[in-house]
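The values are calculated or read from the model by the stated rules, or taken from the named source; none is laboratory data. It should be emphasised that the depicted structure is a prediction, and the values quoted were computed from it without experimental measurement. Cβ placement follows ideal geometry from the backbone for every residue including glycine, while neighbour counts extend to all protein chains displayed. Calculation scope for accessible area: heavy atoms of the full protein, side chains included, ligands and nucleic acids excluded. Shrake-Rupley method; radii C 1.70, N 1.55, O 1.52, S 1.80 Å.
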Amino acid sequence: MSSIKIRTKRLEGNTQIRTLITHPMENGRNKDAQGIYIPAHYIKELLIEHNSHLIIRCNMAGSISKNPYFDFLLKDGKIGDTVTVTWKDNLGATDSEEYIIE
């Protein structure tokens, strides 16, 4: 099961892409109940593709909240087009989800 949820919505001829990613987004500066630092674990790169063409590349760091939500506006999105969201984190994990615009 993917950690990425994608939803789209038509808005005045454009397409709104909404994503919710399940990820701990630890920055490495928080402590657990025993006072031990929790190791950094965050998404460092987010890629958005429209019909296999890269349209957004976000380089991120640990200051983004847990389970981040992202919202983008696509000007050329049409029903049947494919949107792909992929992330990579600082520990080497990755996930990807594909969504067909309805």
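Brief remarks on what is shown
- For the range 38-48, the condition of being in a loop (DSSP other than H, G, I, E, B), under 26 Å from residue 7 (Cβ atoms) and not polar (S, T, N, Q) holds for at least one residue.
- The set of residues from the range 46-57 being open to solvent by less than 60 Å² (accessible area, probe 1.4 Å) and either modelled with pLDDT under 95 or hydrophobic (A, V, I, L, M, F, W, C) (or both) comprises 46, 47, 48, 56.
- Selection within the range 2-44 - hydrophobic (A, V, I, L, M, F, W, C) and within 12 Å of the chain's Cα centre (by Cα): 4, 6, 17, 20, 21, 25, 43
Conditions (1) open to solvent by 80 Å² or more (accessible area, probe 1.4 Å); (2) at pLDDT 95 or above, marked per residue:
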| residue | (1), (2) |
| --- | --- |
| 6 | no, yes |
| 11 | no, no |
| 14 | no, no |
| 20 | no, yes |
| 23 | no, yes |
| 27 | no, no |
| 35 | no, yes |
| 39 | yes, yes |
| 44 | yes, yes |
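- Restricting the range 68-96 to residues that are open to solvent by less than 60 Å² (accessible area, probe 1.4 Å) and not in a strand (DSSP E or B), the residue that is farthest from residue 29 (Cα to Cα) is 80.
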